[in-house]
Amino acid sequence: MQKKEYSIEIGGKNLTAIFTDLAEQAHGSVMLKYGETIVLATACMSHDKQNGLGFFNLTVDYVERFYASGKISGSRFVKREGKPSEDAILASRVIDRTLRPLFDQSIRHAVQIIVTVISVDDNDSTILAVNAASLALAVSNIPWNGPIGCVRIGKYDSENLIINPSQKLREDDSQYKFDLTVCGKNGNINMIEASAHQTTEEELEKALERGSEEITKLENFQKTIIKEIGREKRVIEKEIISPESVKLFN
């Protein structure tokens with residue numbers, strides 16, 4: 001099996017991108033590791049466009065597996081996962097809201113992004129999933145205006161901002177002050193999720209500035225990988241709108 005690894009330090013821990021031929025039929029794929037949390041992201045695009053479709057067809061799935069935490073689902077006889085959990089649905093939405101605006105909305109080819117959780121520890125797999133989806137798209141031949149970066153920033157009963165805090169720390173209500181998920185590119189923020197207990201605008205502004213610094217590190221990390229192993233992007237011809245149709249909207 002061919003294998004390449006790239007690493008960067010984020011929040012005091014190593015983030016490692018692993019490229020193998022595990023999903024070689026996908027147009028782009030990567031395994032991202034942070035601590036002992038590992039996700040596999042794949043990105044695919046249909047060969048032919050979908051005629052008559054009035055929107056950009058992007059599907060994002062965040063797939064949880066019980067084996068990622070060393071468990072087996074179900075009863076003695078039924079060993080299958082059920083429908084996606086609420087956390088999985090919310091994670092898919094975070095990925096979608098971050099990536100979708102950076103596609104050319106005139107594209108009528110179907111694009112599918114699947115992020116599968118391979119292993120979990122106390123690190124947040126959702127943040128890892130967003131970055132993995134970005135990198136899978138970035139090294140693929142799918143036209144997309146990325147890459148992006150994503151981090152979680154928290155403050156927990158101290159003056160210090162914590163980058164990518166652990167799950168245990170985030171669940172401790174006695175210390176919890178605020179928690180932000182921040183995504184963006186080129187110094188701009190394009191997706192935020194936040195929750196807080198009585199915090200000030202100045203504190204949140206500092207958190208967003210710190211998040212933007214970490215996002216820039218992640219962007220540069222991905223751009224280095226793209227230069228080495230990225231594929232040439234497909235050229236998608238745009239449909240020409242007839243003059244008659246243009247007149248109808250004027």
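Throughout, read-outs are computed from the coordinates displayed, never taken from laboratory work. Here the structure is a predicted model, which is why all the values come from computation and not from measurement. As a convention, Cβ positions derive from the backbone with ideal geometry for all residues, glycine included, and neighbour counts pool all protein chains shown.
Observations
- 0 to 90° range, to nearest 10: angle between helix 125-139 axis and the chain longest Cα axis: 30 degrees
- Compared with the dominant principal axis of the Cα atoms in the chain, helix 201-229 is inclined by about 60°.
- MRE, 222 nm, helices only [DSSP H, n ≥ 4, -39500 (n - 2.57), over the chain, to nearest 500]: -9000 deg cm²/dmol
- Once the gyration tensor of the Cα atoms in the stretch 205-244 is diagonalised, the equivalent ellipsoid follows with semi-axes of 35, 21, 4 Å, ordered largest first.
- Each Cα pair under 8 Å and six or more residues apart adds its separation to the average, and for the chain the resulting relative contact order is 19 percent.
- Net +/- balance of residues flanking Tyr156 in space, Cβ distance below 11 Å, scoring K and R +1, D and E -1: -2
- Taking a ≥ b ≥ c as the square roots of the Cα gyration tensor eigenvalues, the stretch 124-214 comes out prolate, since a/c reaches at least 1.5 and a/b is larger than b/c.
- Cα Rg over Rh - the stretch 187-230, Kirkwood: 1.16
- By the Cβ distance rule of under 4.7 Å, the chain has these cysteines without a partner: Cys44.
- Each Lys or Arg adds one and each Asp or Glu subtracts one; over the other residues with Cβ under 14 Å from the Cβ of Ser174, this totals 0.
- On Cα atoms only, tilt of 86-99 relative to the major axis of the chain in degrees: 50 degrees
- Dipole of the stretch 8-53, positive direction: furthest Cα of Gln25, Gly12, Ala41, with charges on the beta-carbon: Gly12
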